[in-house]
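Since the structure comes first, as structure tokens, the remarks are kept for the end.
Values in this text are rule-based calculations from the coordinates and carry no lab data. Since the structure is predicted, the reported quantities are computational estimates derived from the model, not experimental observations. Cβ atoms come from the backbone with ideal geometry, glycine included; neighbour counts cover every protein chain shown.
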Amino acid sequence: MANNTVTVSGERGSAASPIQSTRKRWWRWLSGDMILAFLVLLPSIIAVAIFIYGFIGWTFYISMSDWKSSIPDFTFVGLKNWTRLVNDRRFQMDMRNHLFYAIGFIGQCIVIGFTLATLLDQKIKGEGLFRTLFIFPFAVSGIVTGVTWQWLMQPSTGINLIFAKLGMGWFRPTWHANIEYGIWAVSIAAAWQFSGYVMALYLAGLRGIPAELREAAAIDGAGTWALYRYIIIPLLMPVTFTVFVLTGMNSIRIFDVVAALGGPGPGNSIDSLALNMFQTTFGAYRFSLGAAIGSVMMFLAIFLVVPYLMSMQRETER
Amino acid sequence: MSGTEGMSRRSFLRLLGVGTTMTVLAACAPAAAPAADAPAADAAAPAADATVADAGKLEIFSWWTAGGEVEGLNNMFEIYKRDYPDVEIINAALAAQGAGQGGEMKALLETRMIGGDPPESFQVHLGRELIDSHVVADRMEPLDDLYASEGYNDIFPADLMSVILYDGHPWSVPVNIHRSNLMWYRPSKLEAIGADAPPANWDEFFTMADALKEQGLPGIALSGTGGNGHTMESVILSVFGAEDWPKLFDGTIGWDDPRMTQALEIMNRLYDYAQPDYLSQSGADVNDVMMADDGPLLMISGDWLHGYFKSKEFTDYTWAASPGTESTYLLLSDSFGLPKGVKNRDNAVNWLKVCGSKEGQDAFNPIKGSIPARTDADPSLYDEYQLWAMEQWKTQTLVGSLQHGAAAKQSFLLDYDLALNDMVATRDVAATQAALVVAAEEAAFGQ
């Protein structure tokens, strides 16, 4: 304690002139609005520091302790839980599932969302009705989506009946129960729910493109394809990027749809990290292992969010 | 030039400030919400207390939310309300969706227990689930005084007392007894293949199932995920017998035993006789599969299935012990205990008295489909299955269920279920047994 104080005051003393000028500026910032803003923000800052960053740190610490029963045990064991996790078949399967799910989910959301938005942007009749219809699934909870699609994807009674009626009886997939490809079926159910929201984002983006740009392109002889290829899609890149981050985050934390579809599924075919973490922590009381899974989810999220924040900053600077 | 630069920097900073504020506010929202709720709840609490004349509350956790169980629980609440009208009962029941029996309730309960804010009492499976999850963590009160004052030591059967006692003390009051190793079969399907008795062992079953297969009918109802641990425990019991069953959980018999290979091979073969689409069906769907016209000959399920069939007015069924286990009662029991540091300890103890009383058990069990843990129940209240079960209960060897928390700790149960969940996909007996051996090592049975 005492040592610290001495060092600090020493530092201050040693570099007198440059610090004084910064201090002056610092003081100016502290006056008036800034001090009020700081005070207003202070409760939030403290809450965020404790409840978000504090608990993230705590989770990471737990992941390196030996807490594996109902009795908390904070003995430091280094990377033991992490080694176990990396070698765990279920965890490996989870990582595979998240990759496939993300590809399927993000792809479907962007393609379906953009297509619907483009169609709605053609100044059609009853646009409001369609817009509401398409976005409606987003108002439904993930559990409801999962339960509904579990019925729809029953091999002998669900949507396969439609294929059979259409004379496509040979096409009889087992959907989410497929041991190899079940996770793709989960991405269909989730995309059904989320695509409407993506459509709304794209629609807002499309409406924000000035009519002059389209007219100018038309005068320059651009057809519909060229208009979209060279004007609209590039201009919508910020929206696409936002959609990518949103759907990417969803791909990392997917839990409700998987749980309602009967996760983890045969051979963990539709398991997700969040479901694994829940069962590991509260089903088996392996708190440290659960914390390690939670940390993995957080690192995956950081990979997505940091580039997003950096690009946002670049945009603001521009 | 410099002027515009200054402007842009200032506007940038302003933007940054706005951005930070938004982020902080957004990030804060979930964290702030409970904080905002807490004072409101605190403010409401004294008012509520005032209206119930200082008798306080009785908060009971359970996963009883389905038909039959809800009514049973409410019947017990009615008795409690009659005797203690001033106490406000909070029924904190949470449905068992996925994640095993009461997975969500257990998660919520765990956070409350660790946080030092336990409910007055909670439903828990008698046996290792209670012991390893709560007793060894020193979060429960021993109930010796209650057992002495209410005479439970004499009124519960001796075999059951051996499951109740840990470290020489009772830790919860059992409300009911369910049986796990039961086979529910359809006489019409037996007729279809010209058999007059249900299979007495798994060899007989496979012969019958082959005959059914020729007619295009499934032999057994199974689920793709989250339900076969139940069937498997009856298979294991049939191979090991009642005498060796407990040795699997005290370290005397290893899970690498050749008989375990045999049991896994039976299980692995059963999938070939399951209903089509079983991989798409959950444990709850399977009950309906069993009632379908093209349904299977039998399914292995606990006696809660009886109440479900009755509620659906399904009649083409009868029951027997699962193949090869006719002299053993594989039991599970729901019980209520007393957490340390509850706010209204007297209310909690009174609740346990209702749970253990003849009146309470006779109000709960007839409708739940289980039999009472007490030996002095009124037989006129129970149906034909329950009367049969009560007779069996008296004469058979009692052992604790694995799938339902009596025999082993929760972490082993999860590993066991996951190993079987892998076997559905891989159909690899050796790999499954290897996984079970690892799980048993980690569970440190007998240490």
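Here are the numbers for the structure shown:
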| read-out | value |
| --- | --- |
| The range A:67-196, dipole about Cα centre (Lys/Arg Cβ +1, Asp/Glu Cβ -1), debye to the nearest 20 | 120 debye |
| Gyration tensor verdict on chain B (Cα atoms; rounded if a/c is under 1.5, prolate if a/b is larger than b/c, oblate otherwise) | oblate |
| Overall Cα dimensions of chain A, principal axis frame, Å, largest first | 86, 65, 29 |
| Exercise: per-residue mean of other protein chain Cβ atoms within 10 Å, A:275-286 | 6 |
| Mean Cβ neighbour count within 10 Å, used as a protection proxy, ranking B:402-410, A:220-228, A:63-71, A:195-203 highest first | B:402-410, A:195-203, A:63-71, A:220-228 |
| Inter-chain Cβ neighbour average for residues B:420-429, partner chain, 10 Å | 4 |
| Chain B: angle of helix B:2-51 to the longest principal axis, Cα-based, in degrees nearest 10 | 60 degrees |
| Span-rule helices in chain A, defined as complete DSSP H runs reaching 27 Å or more along the axis (Cα) with Kyte mean at least 1.6 | none |
| Residues whose placed amide H lies under 5 Å from that of B:Phe122, excluding near-sequence neighbours | B:Phe61, B:Gly337 |
| Total charge dipole magnitude, the protein assembly as shown, about the Cα centre, Cβ charges on Lys, Arg, Asp, Glu only, Debye to nearest 20 | 4400 debye |
| Top positive-direction residue, dipole computed over the protein assembly as shown with Cβ charges, set A:Met310, B:Phe336, A:His98 | A:Met310 |
| Selection of GluC sites (Glu not before Pro), the range B:229-318, meeting DSSP coil and at most 10 other Cβ within 10 Å | B:Glu313 |
| Simple spin-label estimate for B:Arg345 and B:Asn201 in nanometres, 7 Å along Cα-Cβ | 5.5 nm |
| Per-pair calculated FRET efficiency, R0 = 25 Å: A:Ala204 and A:Met34 via Cβ, rounded to 0.05 | 0.15 |
| Rounded tilt (10° steps) of B:429-443 against the dominant C-alpha axis of chain B | 60 degrees |
| Charge dipole (the protein assembly as shown, unit charges on Cβ, about Cα centre) - positive-most of A:Trp58, B:Pro246, B:Gln410 | A:Trp58 |
| Helix axis angle, B:384-395 relative to chain B longest principal axis, alpha carbon, degrees | 80 degrees |
| All lysines inside 19 Å of B:Lys106 as judged from Cα atoms, apart from same-chain residues fewer than 8 positions distant | A:Lys68, B:Lys340, B:Lys409 |
| B:Val70-B:Gln392 FRET efficiency (beta carbon distance; Förster radius 25 Å; 0.05 resolution) | 0.40 |
